[in-house]
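Engineer: Sharing a structure, written as structure tokens. Questions coming.
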Amino acid sequence: MQQPRIVILLSIDSLRADHLSCYGYRRSTSPTIDRLAMEGTRFETCYPQGVYTFPSHVSLLTSIHRATHRLTNGDVFKYSVDTLADYLKTHGYATAGFVSNGMIAGDLGFREHFDIYDDGLSYHDGQSATFSRPADVTTAAMLSWLDQHHTQPAFIFLHFNDCHAPYRTPAPYSTLFENDNLGVQSENLPIRPGITQVITPEYALDGHTDTNYYVSQYDSAIRYIDDHVKLVLEYLRDHELLDNSLIVLTGDHGEAMGEHDVYFMHGKGFYEEFIRIPLIFSGMSITERKTVTVPARHIDVLPTIMDVLGIMDLPEYVQGTSLLPLMQGARVWLPNIDLFDIKVTSAYIRYKNWKYITTNDYSLALPTKGTAEAKRYIKRMIRHRKDELYRLDSDPGELFNVAELEKERTADLRRRLQSLLVKYDPIELSEHISDDAPVVDEAVINERLRMLGYID
């Protein structure tokens, strides 16, 4: 198989799969992305390893599970491990990152893995701080670089942030879906701090309290990004590169639109609206199967790209599995794919059509010290644990918790989850902690978190 000359990994922040037309959405939010899906392979379900931007992208770029690297927003990429950019650089690709969110800025440990890493943020040159930039600026920077490097093999990590709240897009996008009668049932919510049944002040749009308006603005942001994906594809086509390119499109996490009483934010749980994201591979005529129903994971993206390139000499800390056999029509998925994630106070596992979510203190998978610590851990688990069990094929909205009705299945999934948390223990990465890990001032990190709405 011929190696693609151009490899583009496109990550769209806060993009839930079911708001793309090619995933069945009622609005025409994504005509360009739809064509990518039609010409390539669309995975019906993909889960990130991390419900926030930073940990999700660490897993995407390294193929290391969140349960192993244990990083979250506000951390730095502290491990001396290779990224997808490093592997491709070794095999002759020029590498560049163009990102739009301060949570994956270059100084957090990403810059040194690329030939160039353009985060577009001004905090490092003494100007006023900006921690998110629109797609038109990011696209222009990316195409300017590609114009200088398209005659050689090139890898581009491209990230758009416009679907991240607040959803502000320029005209005419801002009114594109506002009055099309295709929105959700309207509610009026208070604008005040909180998590459930509110519109937070930092994400409020000009005093609007109508939830349907916010959904229309989120969908408009997708269409705005879609048009910039179109510009990238047109550039590749105009320079006769499109047929020699591999394009991988995904999101970093989802976004709640009112499900489970959470509005226009992410990271607050493991329900599908927070974690089901798109995954589309397109280009190089590598696909035989247009839609794959077997769930995929972010950590599978890196080994899949490397497999397409015919390069499989990856280090042992890579935890993903190539999806290429599925894309080429394999009928049986032999590896046991572990679909789960962990936060400090919750974790989930999906097994076939069942999803088990448990809420408790999961700062450690299992007690690792003495008997007294183990007893306290078990006591805490028994006293505070909340179990949820959903059957996704018959209850895709996760409305009916059947944990009490399916006690044996709940207990079995809890055991499976605990085994996975041991299997992916972070101790495996301890020898890869870098002595030269970047240090970013806590005030700088907090300012970015505040500007992006994560802290008050």
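Engineer: Placing +1 on the Cβ of each Lys and Arg and -1 on the Cβ of each Asp and Glu in the stretch 6-337, which of 7, 143, 233 has its Cα farthest towards the positive end of the resulting dipole?
Structural biologist: With unit charges placed on the Cβ atoms, the residue in question is 7.
Engineer: Which whole-angstrom value gives the distance between the alpha carbon centres of the stretch 244-313 and the stretch 90-104?
Structural biologist: If you average the Cα positions of each part, the centres end up 18 Å apart.
Engineer: Starting from the Cα gyration tensor of the stretch 45-116, take the square roots of the eigenvalues, sort them a ≥ b ≥ c, and report rounded, prolate or oblate (rounded when a/c is under 1.5, otherwise prolate if a/b is larger than b/c, else oblate).
Structural biologist: Prolate, because a/c is 1.5 or more and a/b exceeds b/c.
Engineer: With label points built 7 Å along Cα→Cβ from the Cα atoms of residue 140 and residue 313, find their separation and express it in nm.
Structural biologist: The two pseudo-label positions are separated by 4.3 nm.
Engineer: May I ask you to evaluate 6.51 cos²θ - 1.76 cosθ + 1.60, the Karplus curve with θ = phi - 60°, for each residue of the stretch 95-106 and list the ³J(HN,Hα) values in order in whole Hz, giving x for glycine and proline?
Structural biologist: Couplings: 10, 8, x, 10, 10, 10, 9, x, 6, 10, 5, x Hz.
Engineer: Of 89/423; 268/386; 78/355, which pairs sit farther than 20 Å apart, going by alpha carbon to alpha carbon?
Structural biologist: Where the Cα-Cα span goes over 20 Å, the pairs concerned are 89/423; 78/355.
Laboratory data are not the source of any read-out in this text; all were calculated from the coordinates shown. Keep in mind it's a predicted model, so treat the numbers as computed, not measured. Here Cβ is always computed from backbone atoms with ideal geometry, including for glycine, and neighbour counts include all displayed protein chains.
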